[in-house]
Every structure is written in C-alpha cells, then in structure tokens.
Amino acid sequence: MTNFVKAPCDEGVIRSAPNVTPCAPYVGVWVLVATILGSSMAFIDGSVVNVALPVIQRDFNATITDVQWIVEAYSLFLAALILVGGSLGDRFGRRRIFAMGIAVFIVASIACGLSPNVLVLILARVLQGIGGALLVPGSLAIISASFSEDQRGRAIGTWSGFTSMTSVVGPVLGGVLVQYASWRWVFFLNVPLAAVVLGVLFWRVPESRDQEASGRLDWGGTLLVTLGLGALVYGLIQAGSFGLGSPLVLSTLAVGILALIAFLLVEARSSAPMVPLSLFRSPTFSGTNLLTFLLYGALGGLTFFLPFNLIQVQGYTPTEQAAAFVPFILIISLLSRWAGGLVNRYGAKLPLVVGPVITATGFALFALPGITSGASSYWTTFFPAVVVMGFGMTITVAPLTTTVMGAVEQRHVGIASGINNAVSRTAGLLAIAVLGIVVLSVFTSNLDSHLATLHLSPNVQHLIDAQHTKLAGIEIPTNVSSEVHVVLNRAIDESFLSSFRLVALICAALALASALSAWLLIEGKKPERAGSAAKESQTATHEKAAET
C-alpha cells in the first residue's frame, strides 16, 4: 500500500455522501476524535511495520518470502474487502461495523506482538487486514454521516491535518520502539489507541445507517476477488524461490487469473455489483485508475525495499530510517491545498502528467547512491530523492481525487472514490510480489558472480548459497577470517544494492507510464465562459470561507 501516504480518494469518499442533518457541535468533536484515532491506528500500523521488517527478519531468521507475506497478508485482505466493509456499515450501522473493525484489529495486533514465529505473525496480519477493511471505510462513513455538506470542509480539514501529524510522528515513534525496545511494541502501541476509540465511540458517537441500502451484498464478487488476488500474489511470491516455470507457480497463477476473470463476469451480470463496470466506460475514470495502479504500485514497491537498503546496507538505525521519510510526508501535508488549486487553474490533465513525471525523477534518484557512510550522508544521497518524489506525489494526489469524483455521475461518486482507493492498495500488493522476483533474481546472480572470485571453502560457499532468499539479511558464518568477513559483507551489500537500483528504475518507468496514461486518457481542461468561471470562483470562495 503505499504505506507513507494516505489513499488518494479518502476525501472523495467523505464528500460524496448525500447531505445529512448535522450532529450537535459537542458530538461532532467526539466524532472527529474517534475517527482520527481510528484512521491513524490503521495508518500508523501500515507504515511502522515497514520500518520494523529488517529487524523482524533478523529475529525470526526469515526469508524475503516470509517478509513479503508479513506485508502482503495484511494488504491482500484490506484491498479485497474494503469495498464490502463500507457496504456493511451502510446496511448494519456504521458505528457498529467500525467498532467491530477496531475490535478485530486490536485482537490481531496483540496476536502480532505475541507471535512466537513468522507463520503466526503472518496469520495475525491476515486478521489485521480484515479488521482494517472494516474500520478504514467506517471512519470515513461516520464523518460523512455526522456533518452536513457545508460543514464537511472544516471536518475534512481537521481530520486530514491530524492524520497527517500522526503520519509524521507514527513511523518515527515506531523506529524508536524498534531500536530501543522491541518490534513487538509496534503492534502493542495499538492497544491504548483502540481503548480510547471504543470508549469515545460508544459514549458520544451516534449510530447511523443508509436507510435506502437494500439488496444482497456482493459476496460472490468478494470471494472471487479475494481468491484471485490471493492466488496471484502467492504464485508471484513463490516464483522467486521456485521459478516461474514451476508447476506450483503456474497452476496458482492460472487459478488467480481465472478467478479474476470470473469476478469480472459476475460484476457485469450482478444487479448490485461491488464494482460497477459501467463506470469504466468513461476514459477519464479508466485513465485515473490506470494512473493510480501504476503510480501507487511503484510507490509501494520502492517503499517496501527501501528500509532493507537503508538499515541492512547503508547502516541506518530504525529511527534514522523512519525519519528519512519525514520530508516526504511534510511536503504532501503542507502543499496539498496548493496542489488542489492546480485543477482550477490548469485542469486535471496537466498536473496528472507533470506530477508522475516528477515522481519518476525522484524514483530514479534513489538508484544513484552507492554504499554510503550511513545517516550522516543522508542529505546528499537520499534526501534529494525523497524531496523530489514528495513534490511529484503532492502535485498528483489532490488533482487525482478531484478527477475521479468528476469523471462519474454524482450518484456514483462514493463508489468511484472507493474503487480508486481499492486500486491503490491492490497496486502495492501486486507490485511487491512482482518486484520480489526481480530483486531475488538480480541479487542471486550478482552474489554468485562475486563469490566465484573469492575461492571460498565448500562449507562456507554452501552456507551462503543456502541463504540467498534472505537477501541483505544473510548471516556470514562465524568461522571465517575477519578479512573474508569484510569481503563477503561487501559482496552481499553490493549485490542487494544492484537489485535495489533496478527496482528504483522500474518504479521510475511505471511512474512515466502512469503519466502517459493520463496524457492519453484523461480529458483536458475545457474552455469556460466568463459567467461560468465567475460562478465557480464565487462558489470556491464560499467553500473556503466555510472551511476556515
């Protein structure tokens, strides 16, 4: 998922709801407290786990496949179930489903923190993903149901501002916990937050539901998309170890593809589909989702492998690694309002072409640093890449939300925003699986080339070969001399760096492809009549006044 940035259409989900009778002012404050803490809990967990991955790998002696599943298990169920999670809240009560999500999430968090091995941790992350699929859309829906249209601007501003603060503080706090306590506290941190959320939720937040919601939930589509994505991810991850030609890999990939085709057929024939395929008749809507898939896939893939580079190769501490992304988050938080105004001035097409191109430049800059002297060289090595990438994503995210909402009829804005959110999460899910194959292949090839020149003893050679799937986390045998230890460590670091550089360049190419999709598919700015422009300007002024 794109763990360091919120999904692109969260604001769109809130704004798309029909006008409601506002709750009392004192209730509105508590609604924001509950939803901000609930959203922050899910977001902090997603971003902080990435910080902890290298340490978890070391403690559990885990392979890259195991580490991928720690992230993918959560992302899979969040991406597959998030749309049905929102529907459940509309039908059975938004507060009830949100509370259920919090409860499931906290039980899973405790299980993660107490995990005795990597398998239990992965299973607990599955449960966490299910909880996240209930609480994430639930928090947005509760805000929509508690504030009238003219109040939502201020509510969104408050919600967005505080969640942005937690997105800065959370990863750094997680890095401190990983470095000075244990990675397990990253999960236990959710317990007090959840207790506060549940207390406020049942004490002050009123129940709400969509009285017009009717018909059956799309359980068939949900089952098929979960099976399809799960089989694809499993096949792609296992391909790194067994090869793409393995019967297990080929059969699993075939099951995934067939399940996703069946999902499309079910959605096309359903009277109440989870994903109305008719929305994709709009070239702009299709273009924005293709852009989202490519760009957020690139962002998710890069941010998954970057912590391993910074901690295991460059020598950063977990706290330093977490702090390395703070400029990225600050740029998006501080400049998002400015970026939102770009659509009014230039239309959607230009920002959605320029933004991904700048982001691609940032991705490419990550491929430049070699093995550095650690965090002391951050400002001249990784900082420029972080800043350029952050600026590019800032130009992209706000116009993307506006474009998705404007590409469909008003009655479909909510589901369109939800689909785009699900696409952004699915993109990261698949990107990590695919790029894992690339990283393992390049790493193994480079390391074998290095080892061939060292003339190691057969025993040492065998011990190193058996650990290829740990990538930069390979443990060097203790019975080698200090000179050989240094050479082996250098060979491992350089091999991982080669694979990471290729990942960065692939991500840059994906970002450029997303810019091309915007150029070809998204509608440009239409000429406006003077009266229409004046009317929109007046409306914008009133909205700004309402928000401030």
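The values are calculated or read from the model by the stated rules, or taken from the named source; none is laboratory data. Computed from a prediction, not measured in an experiment: that's the story for all the values here. Quick reminder, even Gly has a Cβ in these numbers, built from the backbone with ideal geometry, and neighbours come from all protein chains shown. Ligands, DNA and RNA are excluded from the accessible area calculation, which covers all protein heavy atoms including side chains. Shrake-Rupley method; radii C 1.70, N 1.55, O 1.52, S 1.80 Å.
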Mind checking the log10 I(q)/I(0) for the stretch 397-479 at q = 0.11, 0.16 Å⁻¹? Debye, one equal scatterer per Cα, no solvent, two decimals. -0.54, -0.71
Projected onto the charge dipole of the chain (+1 at Lys/Arg Cβ, -1 at Asp/Glu Cβ, origin at the Cα centre), which of Gln314, Val168, Leu265 gives the Cα projection farthest towards the positive end? Leu265
Dipole of the stretch 327-484 (Lys/Arg Cβ +1, Asp/Glu Cβ -1, origin at the Cα centre): which of Gly428, Tyr346, Ile332 lies farthest to the positive side? Tyr346
Cα extents of the chain along the principal axes, largest first, in whole Å, come to 78, 48, 46
How do Lys470, Lys349 stack up against each other in accessible area, from largest to smallest, with a 1.4 angstrom probe? Lys349, Lys470
For the stretch 94-232, what does the alpha-carbon gyration tensor say about shape, rounded, prolate or oblate, given a ≥ b ≥ c as the root eigenvalues, a/c under 1.5 as rounded, and a/b over b/c as prolate? oblate
May I ask you to order 279-290, 398-409, 238-249 by the average number of other C-beta atoms within 10 Å around their residues, highest value first? 398-409, 279-290, 238-249
For the stretch 240-394, just list the percent of Cα-Cα distances falling in each 10 Å bin from zero outward, please. 9, 26, 25, 25, 13, 1
In debye, nearest 20: dipole of the stretch 35-142 around its Cα centre with unit charges on the Cβ of K, R (+) and D, E (-)? 360 debye
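Where only protein heavy atoms count, and the probe is 1.4 Å, what is the accessible area per residue for the chain in Å²?
Ligands and nucleic acids excluded, the figure is 41 Å² per residue.
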Can you send over the carbon and sulfur percentage of the accessible area for the chain, probe radius 1.4 Å, protein chains only? 65 percent
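Roughly how big is the stretch 400-506's charge dipole about its Cα centre, with Cβ charges of +1 (Lys, Arg) and -1 (Asp, Glu), in debye to the nearest 20?
420 debye
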Global geometry of the stretch 296-345, whether rounded, prolate or oblate, following the gyration tensor of its Cα atoms and the 1.5 cut on a/c: oblate
Euclidean distance between Cα centres, the stretch 317-355 to the stretch 182-260, Å: 28 Å
Name the shape class, rounded, prolate or oblate, that the alpha-carbon gyration tensor gives for the stretch 42-85, where a ≥ b ≥ c are the square roots of its eigenvalues, rounded holds for a/c under 1.5, and otherwise prolate holds if a/b is larger than b/c and oblate otherwise. oblate
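How high is the relative contact order of the chain, given as a whole-number percent (alpha carbon pairs under 8 Å, six or more residues apart)?
Once normalised by length, the contact order is 24 percent.
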Most to least accessible of His412, His455, His485 (protein chains only, probe 1.4 Å): His455, His485, His412
Percent of all alpha-carbon pairs of the stretch 201-301 at distances over 19 Å, whole number, is 64 percent
Could you compute how fast the stretch 335-464 diffuses translationally, taking Rh as the Kirkwood radius over C-alpha pairs and applying Stokes-Einstein at 37 °C with viscosity 0.692 mPa s? Give it in µm² per second. 178 µm²/s
Taking Cα atoms, how many degrees apart are the long axis of helix 482-521 and the longest axis of the chain, rounded to 10 and kept between 0 and 90? 30 degrees
Just read off the accessible area of Val33 with the full protein assembly in place, 1.4 Å probe, to the nearest 10 Å². 50 Å²
Taking N as the number of residues in the stretch 161-203, the ratio of its alpha carbon radius of gyration to 2.2 N^0.38 Å works out to 1.33
Taking the stretch 19-106, how much of its Cα-Cα pair set, in percent, is spaced more than 18 angstrom apart? 59 percent
Relative contact order [Cα under 8 Å, 6+ residues apart], the stretch 138-272, whole percent: 19 percent
Based on Cβ point charges of +1 for Lys and Arg and -1 for Asp and Glu, what charge dipole magnitude is obtained for the chain about its Cα centre, in debye rounded to the nearest 20? 1120 debye
Long-range alpha-carbon pairs in the stretch 35-158, meaning those over 18 Å apart, account in percent for 53 percent
Below 8 Å, C-alpha to C-alpha, sequence gap of six or more: please give me the relative contact order for the stretch 361-489 in percent. 14 percent
